[in-house]
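The values are calculated or read from the model by the stated rules, or taken from the named source; none is laboratory data. Computed from a prediction, not measured in an experiment: that's the story for all the values here. Cβ placement follows ideal geometry from the backbone for every residue including glycine, while neighbour counts extend to all protein chains displayed.
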Amino acid sequence: MGIVVDMNKIFCKLLTLQSKQKLSIVIEQLKNIPWDSEGEQVILKNEHIIHILQLFITDKFSAEDVECWANLIEGREDIDYEQFNEIIYELANPILTFKLTKARANSILKSLV
């Protein structure tokens, strides 16, 4: 039970990041958790995406930071992001979709509100 609680805490930290430093910490913590780990799913909500995009728009996160964040979510079975699959895919794969710019971030934000 303790491992599941710790995993959920790490996933919650990932979804509610406040700084680049915390992103680095979460990356290290996630290295110890398999992509198909068991336990309750943590749910990605629109407020999580809004928060990350606002960090980007206010220059607290770079486009690469947002891409990294989305890549940490994409493909995980323990994070339910199905409702936002297209947005996470876009943010995680800017070479295949759209380069993240402030204009594109604002467009995504408008679709979330």
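What do you reckon, is residue 17 closer than 24 Å to residue 105 by Cα, under 13 Å from the mean Cα position of the chain (by Cα) and modelled with pLDDT under 95? Even if it seems obvious, please write down each step before you answer.
On the way: closer than 24 Å to residue 105 by Cα: yes; under 13 Å from the mean Cα position of the chain (by Cα): yes; modelled with pLDDT under 95: yes.
Yes: the conditions hold for residue 17.
Being of a type outside the set (A, V, I, L, M, F, W, C) and touching a strand residue (DSSP E or B) at 6+ places or on another chain (Cβ under 6 Å) is the requirement here; does residue 54 meet it? Working first, answer last.
Numbers: of a type outside the set (A, V, I, L, M, F, W, C): yes; touching a strand residue (DSSP E or B) at 6+ places or on another chain (Cβ under 6 Å): no.
Criteria not met by residue 54.
Quick check on residue 59: is it over 14 Å from the mean Cα position of the chain (by Cα) and either at pLDDT 95 or above or hydrophobic (A, V, I, L, M, F, W, C) (or both)?
Working: over 14 Å from the mean Cα position of the chain (by Cα): yes; either at pLDDT 95 or above or hydrophobic (A, V, I, L, M, F, W, C) (or both): yes.
Criteria met by residue 59.
Confirm whether residue 22 is under 14 Å from the mean Cα position of the chain (by Cα), on the phi < 0 side of the Ramachandran plot and not hydrophobic (A, V, I, L, M, F, W, C). Talk me through it step by step, then tell me what you get.
On the way: under 14 Å from the mean Cα position of the chain (by Cα): yes; on the phi < 0 side of the Ramachandran plot: yes; not hydrophobic (A, V, I, L, M, F, W, C): yes.
When the stated conditions are applied, residue 22 passes them.
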